[in-house]
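To start, the structure itself, in structure tokens.
No value in this document is a laboratory result; all are computed from the given coordinates. Just so you know, these numbers come straight off a predicted model, no measurement behind them. All Cβ positions, even for glycine, are placed from backbone atoms using ideal geometry, and neighbour counts span all protein chains on display.
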Amino acid sequence: MKTKLAATCFVIGTFLAPFAVHAADTSTDTDRTQPKTFVKDSVITAKVKAKLAEDMVSSLARIKVDTHGKGAVVLSGRARNQEEADKAVTIARATQGVTSVKSKIRIKKDD
């Protein structure tokens, strides 16, 4: 039930993302305090989370996604094994708008 709810929330967020993309795309936005840059980062974060929700629903709650200026994505949290962590990085790298991915995912089996 929780899995379905989480996946539904991410899918809804993905559908709302195009409204946020309406902000102009300029390459001079380097400061997160600028609203346009913040919106672009939020859209990239939503895209990565939606793709993770499609492929890795069971571990999604343990992996956090943050996007810094110009599409630099940072993944953090826990994964059950190295394959799960690697898959999250691969999914993030394949997402449109992502320029780099840094993984801070720790391997930790559920207790």
* **Whole-Hz couplings from phi, Karplus 6.51/-1.76/1.60, listed for segment 83-92; x for Gly and Pro** => 4, 5, 5, 5, 5, 4, 5, 4, 4, 5
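Between Ile12 and Lys70, what FRET efficiency comes out of the Förster formula 1/(1 + (r/R0)^6) with R0 = 25 Å and r the beta carbon distance, rounded to 0.05?
0.40
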